[in-house]
1. I need the full set of residues from segment 128-144 which are more than 10 Å from residue 211 (Cα to Cα) and either in a loop (DSSP other than H, G, I, E, B) or in contact with a helix residue (DSSP H, G or I) (Cβ under 6 Å, 6 or more places away or on another chain) (or both), in order please.
2. Residue 36 is checked against (1) hydrophobic (A, V, I, L, M, F, W, C); (2) surrounded by 12 or more Cβ atoms within 10 Å (Cβ to Cβ); (3) modelled with pLDDT of 80 or more and fails just one. What number does that condition carry?
3. May I ask you to list the residues in segment 99-118 that are part of a loop (DSSP other than H, G, I, E, B) and at pLDDT 85 or above?
4. Between a residue in segment 66-77 that is more than 10 Å from residue 33 (Cβ to Cβ) and any residue that is among the small types (Gly, Ala, Ser) and surrounded by 15 or more Cβ atoms within 10 Å (Cβ to Cβ), which pairs come within a Cβ distance under 7 Å, given they are 6 or more apart or on different chains?
5. Step by step: first the residues of segment 179-197, then only those that are among the small types (Gly, Ala, Ser) and within 25 Å of the chain's Cα centre (by Cα), then the one that is nearest to residue 138 (Cα to Cα). Which residue is that?
6. In segment 198-224, what count of residues is obtained for those that are within 25 Å of the chain's Cα centre (by Cα) and in a strand (DSSP E or B)?
7. Starting from residues that are at pLDDT 95 or above and among the hydrophobic types (A, V, I, L, M, F, W, C), keep the ones in segment 166-187 and report whichever is farthest from residue 134 (Cα to Cα).
8. Check segment 26-33 and report whether any residue there is modelled with pLDDT under 50 and farther than 30 Å from residue 170 by Cα.
Amino acid sequence: MFTHRRPLCRAACVLVLFAMTADLRAFAAGCAPAGWQESAAEPLGICHKVLRGQTLYSISRAYQIDLDTMADINRIQDPGRIEAGRLLFIPGATAPLDVSPTLLTPLLSWPLDGQITSAFGVEGGRPHHEGIDIDGVKGELIRAAAAGKVVWAGTERGYGNMVVLDHGGGLSTVYAHAERLLVGSEQWVSAGEPVAQVGDTGNARGAHLHFEVRRDGRPLNPMPLLGGSVAHTSAGGH
């Protein structure tokens, strides 16, 4: 009895699978970048519609795809800026995922509590600004935006006294124009630990912090990655 039903079941399953795969390919074809089929026989992947509050980092993390790969495939010049409603092509994915709220949690804490006096990107015909400037008082503590290792602590042309932290996964942060550095190269620091003091060294106009976030050396807009307040060490800071 059962030997006669198995071939029918297999045939039905194959038809259903073929139909689902065809629909999936057609769906993906709607957002696959131009030229994608030149390097692949078919657009294997799906479309993900960006929802309000989602970042390219949270989406790439959910689908376990490298951030730079996601940006390159979807021709995104600034991974830190992505508008809600945009369709992203997710190569290799078989179904859209719900990005968990935990993945939307900002990665970084504010290194300094102050007004942003210069935003990331191009403004008013000036050259591209690779970070944000945060107003401060000379001598005020600048804190690590996340735990990491000091890979540079010294003076750099234009930046003045500067600290660079490596947070792993290709993510690094830069703290520039400092009056005084409080950490040394190869030192490990905790999130919220003071790393420098606000100053006006380098080409700074007035005391402030120039803060950058980089992914594999590429500047990102820090704003989508920053939380709501300045982090402090567990001991309450300095």
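The values are calculated or read from the model by the stated rules, or taken from the named source; none is laboratory data. On a predicted model such as this, the values are computed, not experimentally measured, just so you know. Cβ atoms come from the backbone with ideal geometry, glycine included; neighbour counts cover every protein chain shown.
1. Correct list: 128, 136, 137, 138, 139, 140, 144.
2. Status for residue 36: all satisfied but (3).
3. Residues of segment 99-118 part of a loop (DSSP other than H, G, I, E, B): 99-100, 105-107, 111-115.
Residues satisfying the conditions are 111, 112, 113, 114, 115.
4. Qualifying pairs under 7 Å: 66/60; 67/60; 70/60.
5. Taking segment 179-197 first, the residues among the small types (Gly, Ala, Ser) are 184-185, 190-192, 196.
Cutting the leftovers down to within 25 Å of the chain's Cα centre (by Cα) gives us 185, 190-192, 196.
Numbers: 185: 23, 190: 23, 191: 22, 192: 19, 196: 11 Å.
This residue is 196.
6. Keep residues of segment 198-224 that are within 25 Å of the chain's Cα centre (by Cα), which gives 208-224.
Among the residues that remain, those that are also in a strand (DSSP E or B) are: 208-215, 218-220.
The number of residues fulfilling the criteria is 11.
7. Among those that are at pLDDT 95 or above and among the hydrophobic types (A, V, I, L, M, F, W, C), it is 183.
8. Step one: filter segment 26-33 for residues modelled with pLDDT under 50, giving 26-27.
After this cut, where a residue has to be farther than 30 Å from residue 170 by Cα as well, the list is 26-27.
Yes.
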